[in-house]
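The values are calculated or read from the model by the stated rules, or taken from the named source; none is laboratory data. Quantities reported herein were computed from a predicted structural model and do not represent experimental measurements. When we count neighbours, we look across all protein chains shown, and the Cβ atoms used for this are built from the backbone with ideal geometry, even at glycine.
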Amino acid sequence: MHSAPRWTATRQRLYDAAAALISERGFSATTVDEIAERAGVAKGTVYYNFASKDGLLEALMLHGAEELAASLRQAAQGAVRHGGGPGGALDAMVRAGLAFIDRRPAFAKLYVAELWRCDRPWQETLAAVRGRVVAAVEEELRAGAGPGGPEGRPDVSLTASALVGTVLVAALDWKVFQPERPLEEVHRALAALLEGRVAGAGGPT
């Protein structure tokens, strides 16, 4: 019988190896042997944990989504406990999203790349991944909704999707083109954008 912590650590190594290799080379060009070698395990260990390379990628996507969604919820709850209110909670979620992608850039690149492929057997899994992350933001938007009729409020689902997409694309641009910038600087820029403080930031022309 395997030890739960050891089993979890082995899966995390496989996730990290698969995300790095597939984001670099593409799914078809990456072999199970290469994933096992990068993870420092035997090839049989991959098949002990996952039925196939497809199964490994699907599990990786779901694992990453759960980790990200949990990070967002924890950040929002922490902000509320410290009196941040709805605005503070959303700001904390933005920072948590940036921090997650800073830790797991390969996962983010892989997720974005796979979104554009329509021939994969795991399209439903990608939809589930997106749904779990967007749902975490939707919960906070609904919790912070003020009084009044729905006609005066933005569409919660669309707003949550836009927020997730904004953070994802901004974070990837940061990691690929401006990796020297500190996380806090990127966070401040996104916070200013989301608070509507960007228009006119350059002064009169």
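Listed values, structure above:
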| item | result |
| --- | --- |
| Members of region 12-31 that are of a type outside the set (D, E) and either part of a helix (DSSP H, G or I) or touching a Gly at 6+ places or on another chain (Cβ under 9 Å) (or both) | Q12, R13, L14, Y15, A17, A18, A19, A20, L21, I22, S23, R25 |
| Filtered residue count, region 68-87, keeping only those that are surrounded by 18 or more Cβ atoms within 10 Å (Cβ to Cβ) and either part of a loop (DSSP other than H, G, I, E, B) or not aliphatic (A, V, I, L, M) (or both) | 2 |
| Answer from L21, L57, L14 - the residue that is in the same structural domain as E114 (by TED's automatic domain parsing) and crowded, with 16+ Cβ neighbours inside 10 Å | L57 |
| Test: R142 is free of Cβ contacts under 8 Å to residues at least 12 places away in the same chain and surrounded by fewer than 18 Cβ atoms within 10 Å (Cβ to Cβ) | no |
| Members of region 115-129 found to be under 23 Å from T159 (Cα atoms) and in contact (Cβ under 8 Å) with a residue 24 or more places away in the chain, listed by number | T125, L126, A128, V129 |
